[in-house]
Amino acid sequence: MAQNLHIGTLCVQAGYQPGKGESRQIPIIQSTTFRYETSDQMGRLFDLEDSGYFYTRLQNPTNDHVAARIAALEGGVAAMLTSSGQAANFFACVNICEAGGHIIAAGNIYGGTFNLLGTSLRKLGIDVTFINPDASEEEIATAFRPETKLLFGETISNPGVEVLDIEKFARIAHAHGVPLIIDNTFATPVHCRPFEWGADIVTHSTTKYMDGHGVAVGGAIVDSGNFDWDAHADKFPGLTTPDPSYHGLTYTKSFGKLAYITKATAQLMRDYGSIQSPQNAFYLGLGLQTLHVRLERHTKSAQKVAEFLQAHPAVAWIHYPGLPGDSEHEKACKYLPDGSCGVLAFALKGGRAVDNKFMDSLKLVTIETHVADCYTCILHPASHTHRQLTDEQLRAAGIAPDLMRLSVGLEDPEDIIADLDQAIKEALA
Ligand SMILES: *Cc1c(COP(=O)(O)O)cnc(C)c1O
């Protein structure tokens, strides 16, 4: 493809250019396995000496086209699809952090990732320190240990919609010889490309805006190819020393800038599984083709809804990076100049009881655990996803007990606002 194409063109075309007589749309290769003509051909694949498809748990053409589209959108060298966003963040971490290692993560990240790191990785012998992302560089630096392997944060946090100072995080990570991993789910590469601000690896829950229609759970990991693993070889032996399960091959020596994604595919996918199905990858590829068009509409509508809520006397507080005066507005102007996303957080005066009556009175807007697709939906973390937490624990996780997360969909914003308006009246009646 031509160089220097704009993001919308990449959404539509990157990752797949059919040849003469081939299908215009990415084909679904719904096959577990692939045929070879000689035993030697097959043997070379298992030594990673030849590239080729042999089993869909490791690689599949449909998935590879869609992964290549995501890599192009992020400006990375390679990407891998996973069965979910959870699997993407799990693989992104354990690819470079083993038992005895340590991870530092922003404390305001998505609850699922908070549990993954704080509960499940701890059980695997990986320790985690959660930090306040707005703390000073000096303060964050105190969390580093000799065994720290990575720094982790979200471009726009879920559900608090806080914007990360990515440049600051990249500076701190690199000063300590570790990569910065950014979960870019809410911003998507249409609104922010974290590699341009110094991040090394990007992850996605493609379940959200990338799919955009609420049809397929999925994830992706993208590598910028910029982190110099060999310069910190003692920290990352998995990449820089021989892998006995591939006849002593060393990933950085054999694959250079592709080392990280090759190891994640050849070793982690082989051993842990979690591939995205080709059918789901096809849906994801379709979603990506309209991502730039949809995200613009999500963002414009969310801005209108945010302005309506901000002006409403029944609203206790509202958080949307697009509102001037919002705590996140300045960072949003820098990192998200075309807008943040369709998600906002707010609360009504009167606390949980009023919040609940309001949600029960909604007619068009639905109560869902999902977020970031074409349907406008709402969630009250304290009553739903985080209901096992006390108010104090909620606050520690950066979630106000009265916070409602509203994900503004693609319906006409006038209808969304009218529904919110009537439900607020009901709640106060
Ligand atoms: C939803 C979400 C995840 C988890 O993704 P799944 O596809 O649900 O497994 C991870 N990070 C963020 C920011 C999310 O919103």
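The values are calculated or read from the model by the stated rules, or taken from the named source; none is laboratory data. Just so you know, these numbers come straight off a predicted model, no measurement behind them. Because the Cβ atoms are built from the backbone with ideal geometry, glycine has one as well, and the counts that use them run over all protein chains shown.
Does region 87-98 contain at least one residue that is more than 15 Å from the ligand (Cβ to nearest atom), more than 19 Å from Gly219 (Cβ to Cβ) and more than 14 Å from the chain's Cα centre (by Cα)? Step through it out loud before you land on a result.
We begin by selecting, within region 87-98, every residue more than 15 Å from the ligand (Cβ to nearest atom); these are 94-98.
Add one more test, that the residue is more than 19 Å from Gly219 (Cβ to Cβ), and what stays is 98.
From what is left, the residues that are more than 14 Å from the chain's Cα centre (by Cα) are 98.
Within region 87-98, one or more residues are more than 15 Å from the ligand (Cβ to nearest atom), more than 19 Å from Gly219 (Cβ to Cβ) and more than 14 Å from the chain's Cα centre (by Cα).
I need every pair where a residue in region 381-394 that is among the small types (Gly, Ala, Ser) has its Cβ under 8 Å from the Cβ of a residue that is outside any loop (DSSP other than H, G, I, E, B) and surrounded by 12 or more Cβ atoms within 10 Å (Cβ to Cβ), sequence separation at least 6 or different chains.
Between residues of region 381-394 that are among the small types (Gly, Ala, Ser) and residues that are outside any loop (DSSP other than H, G, I, E, B) and surrounded by 12 or more Cβ atoms within 10 Å (Cβ to Cβ), the close pairs are Ala382/Arg352; Ala382/Asp391; Ala382/Leu394; Ser383/Arg352; Ser383/Asp355; Ser383/Asn356.
Check whether at least one residue in region 376-388 is at negative phi, in contact with a Gly (Cβ under 7 Å, 6 or more places away or on another chain) and modelled with pLDDT under 95, and report yes or no.
Scanning region 376-388 turns up at least one residue that is at negative phi, in contact with a Gly (Cβ under 7 Å, 6 or more places away or on another chain) and modelled with pLDDT under 95.
Got at least one residue in region 346-367 being without any contact (Cβ under 8 Å) to a residue 24 or more places away in the chain and closer than 19 Å to Asn158 by Cα?
Yes, region 346-367 has at least one match.
If we keep just the residues of region 128-157 that are within 14 Å of the ligand (Cβ to nearest atom) and touching a helix residue (DSSP H, G or I) at 6+ places or on another chain (Cβ under 7 Å), which is farthest from Gly398 (Cα to Cα)?
Step by step, filter region 128-157, then rank; the result is Thr155.
Quick check on region 209-234: of everything there that is in a loop (DSSP other than H, G, I, E, B) and away from the ligand (no atom under 16 Å from the Cβ), which residue is farthest from Val293 (Cα to Cα)?
Asp234
Restricting the search to region 128-184, which residues are of a type in the set (Gly, Ala, Ser) and either under 17 Å from the mean Cα position of the chain (by Cα) or not in a loop (DSSP other than H, G, I, E, B) (or both)?
Ala141, Gly153, Ser157, Gly160, Ala170, Ala173, Ala175
Name every residue in region 78-103 that is of a type in the set (A, V, I, L, M, F, W, C) and assigned to a loop (DSSP other than H, G, I, E, B), in order of residue number.
Hits for region 78-103 are Ile96, Cys97, Ala99.
Please verify whether region 9-16 includes one or more residues that are more than 23 Å from Tyr251 (Cα to Cα), modelled with pLDDT under 90 and aliphatic (A, V, I, L, M).
no
Would you confirm whether or not region 64-77 contains a residue that is of a type in the set (A, V, I, L, M, F, W, C) and either assigned to a loop (DSSP other than H, G, I, E, B) or at pLDDT below 95 (or both)?
yes
Report whether or not Ala199 is assigned to a loop (DSSP other than H, G, I, E, B), within 16 Å of the ligand (Cβ to nearest atom) and within 15 Å of Leu150 (Cβ to Cβ).
When the stated conditions are applied, Ala199 passes them.
Quickly run through region 325-374 and pick out the residues that are of a type in the set (Ser, Thr, Tyr), surrounded by fewer than 17 Cβ atoms within 10 Å (Cβ to Cβ) and in contact with a strand residue (DSSP E or B) (Cβ under 7 Å, 6 or more places away or on another chain).
Within region 325-374, Thr366, Thr369 meet the criteria.
Considering region 22-37 alone, what residues qualify as being of a type in the set (Lys, Arg) and at pLDDT below 95?
Result: Arg35, single match.
What number of residues in region 282-334 are in contact (Cβ under 8 Å) with a residue 40 or more places away in the chain and in contact with a Ser or Thr (Cβ under 7 Å, 6 or more places away or on another chain)?
7
Is there a residue being surrounded by fewer than 15 Cβ atoms within 10 Å (Cβ to Cβ), more than 16 Å from the ligand (Cβ to nearest atom) and more than 24 Å from Thr32 (Cα to Cα) anywhere in region 255-269?
Scanning region 255-269, I find at least one residue that is surrounded by fewer than 15 Cβ atoms within 10 Å (Cβ to Cβ), more than 16 Å from the ligand (Cβ to nearest atom) and more than 24 Å from Thr32 (Cα to Cα), so the answer is yes.
Checking Gly125 against (1) more than 17 Å from the chain's Cα centre (by Cα); (2) surrounded by fewer than 18 Cβ atoms within 10 Å (Cβ to Cβ); (3) within 16 Å of the ligand (Cβ to nearest atom): exactly one of these is not met. Which one?
In the conditions (1) more than 17 Å from the chain's Cα centre (by Cα); (2) surrounded by fewer than 18 Cβ atoms within 10 Å (Cβ to Cβ); (3) within 16 Å of the ligand (Cβ to nearest atom), Gly125 misses (3) alone.
Quickly run through region 43-85 and pick out the residues that are of a type in the set (Ser, Thr, Tyr) and surrounded by 24 or more Cβ atoms within 10 Å (Cβ to Cβ).
Selection gives Thr62, Thr82.
Any chance region 23-33 includes a residue that's touching a helix residue (DSSP H, G or I) at 6+ places or on another chain (Cβ under 9 Å) and either within 16 Å of the ligand (Cβ to nearest atom) or aromatic (Phe, Trp, Tyr) (or both)? Steps first, answer last, please.
Kept after step one, since they are touching a helix residue (DSSP H, G or I) at 6+ places or on another chain (Cβ under 9 Å), are these residues of region 23-33: 25-31.
Remaining after also requiring either within 16 Å of the ligand (Cβ to nearest atom) or aromatic (Phe, Trp, Tyr) (or both): none.
Within region 23-33, not a single residue is touching a helix residue (DSSP H, G or I) at 6+ places or on another chain (Cβ under 9 Å) and either within 16 Å of the ligand (Cβ to nearest atom) or aromatic (Phe, Trp, Tyr) (or both).
Looking only at region 301-338, how many residues end up being of a type in the set (A, V, I, L, M, F, W, C) and in a strand (DSSP E or B)?
4
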